[in-house]
């Protein structure tokens, strides 16, 4: 895997804190189960680039929730994650679900410890690639994806949906506008697919836990007071390109 001698994951470049999954992985697991419940994201990816028999890189894999969606058909999966406790959870999940075709690696979007042209498809969901400033990671994608391969980057769509309305109220949300993000990704050779999906929770209690994770304090209270039920309209921005 071309791992440098004396490699220390703590010194990886391009690593961002993820307080939701890293601070409350059990609650984030509930969020993952509720998100895009009919797998519209994976269905679109497969329309563009079927992964059967291919090497798939899950970049910023978190605790490995999405690996099972690719595992059966893929030739091999590589889960790259910089956060050590999350990597241990990937390993636990791989063993529990008997995912025999998965390798788990330390690494970041800016330092993928693979040789050039090693993978056919990259899946990066809510990890590092948030628009301007992610150019070093995009350079790494161009290095590791084989000619003819694809990258799929999933982020929030900010121009529509209930969740986007909530994000506008978040005091720490970056001052990004959807039109500016689309211009950036177009300039990097990516196309946009808007995935109109939802959060669908098993119980109101689960929804409340996740809302309080993503919107702590009074904002979470305000959101919950104004939203009934267990479902939330949620639109995704899926940016994709071929190399």
I need the full set of residues from region 102-129 which are surrounded by fewer than 17 Cβ atoms within 10 Å (Cβ to Cβ) and assigned to a loop (DSSP other than H, G, I, E, B), in order please.
115, 116, 117
Considering region 130-168 alone, what residues qualify as being surrounded by fewer than 20 Cβ atoms within 10 Å (Cβ to Cβ) and in contact with a helix residue (DSSP H, G or I) (Cβ under 6 Å, 6 or more places away or on another chain)?
131, 132, 159
Would region 129-142 turn up any residue that is more than 21 Å from residue 186 (Cα to Cα) and free of Cβ contacts under 8 Å to residues at least 60 places away in the same chain?
no
Quick one: which helices (runs of 4 or more DSSP H) lie wholly within region 12-99 and hold at least 2 residues that are within 16 Å of the chain's Cα centre (by Cα) and modelled with pLDDT under 95?
19-23
Search region 37-51 for residues being in contact (Cβ under 8 Å) with a residue 40 or more places away in the chain and either out of contact with any helix residue (DSSP H, G or I) (no Cβ under 8 Å at 6 or more places or on another chain) or more than 20 Å from residue 191 (Cβ to Cβ) (or both), and hand back the single one that is surrounded by the most Cβ atoms within 10 Å (Cβ to Cβ).
45
Residue tally, condition under 26 Å from residue 11 (Cα atoms) and without any contact (Cβ under 8 Å) to a residue 40 or more places away in the chain, over region 68-89
6
Hey, residue 81 hits all of (1) at negative phi; (2) in contact with a strand residue (DSSP E or B) (Cβ under 6 Å, 6 or more places away or on another chain); (3) buried (at least 21 other Cβ atoms within 10 Å of the Cβ) but one; which does it fall short on?
(2)
Would it be correct to say that residue 146 is in a strand (DSSP E or B) and either over 15 Å from the mean Cα position of the chain (by Cα) or modelled with pLDDT of 95 or more (or both)?
yes
Residues of region 189-218 satisfying the condition of being assigned to a helix (DSSP H, G or I) and touching a helix residue (DSSP H, G or I) at 6+ places or on another chain (Cβ under 8 Å):
206, 207, 208, 209, 210, 211, 212, 213, 214
Being touching a helix residue (DSSP H, G or I) at 6+ places or on another chain (Cβ under 7 Å), at pLDDT 95 or above, closer than 30 Å to residue 109 by Cα and not in a helix (DSSP H, G or I), is that true of even one residue in region 181-188?
yes
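The values are calculated or read from the model by the stated rules, or taken from the named source; none is laboratory data. If you're wondering where the values come from, they're calculated on a predicted model, not measured in any experiment. Positions of Cβ are backbone-derived with ideal geometry, glycine not excepted, and every protein chain shown enters the neighbour counts.
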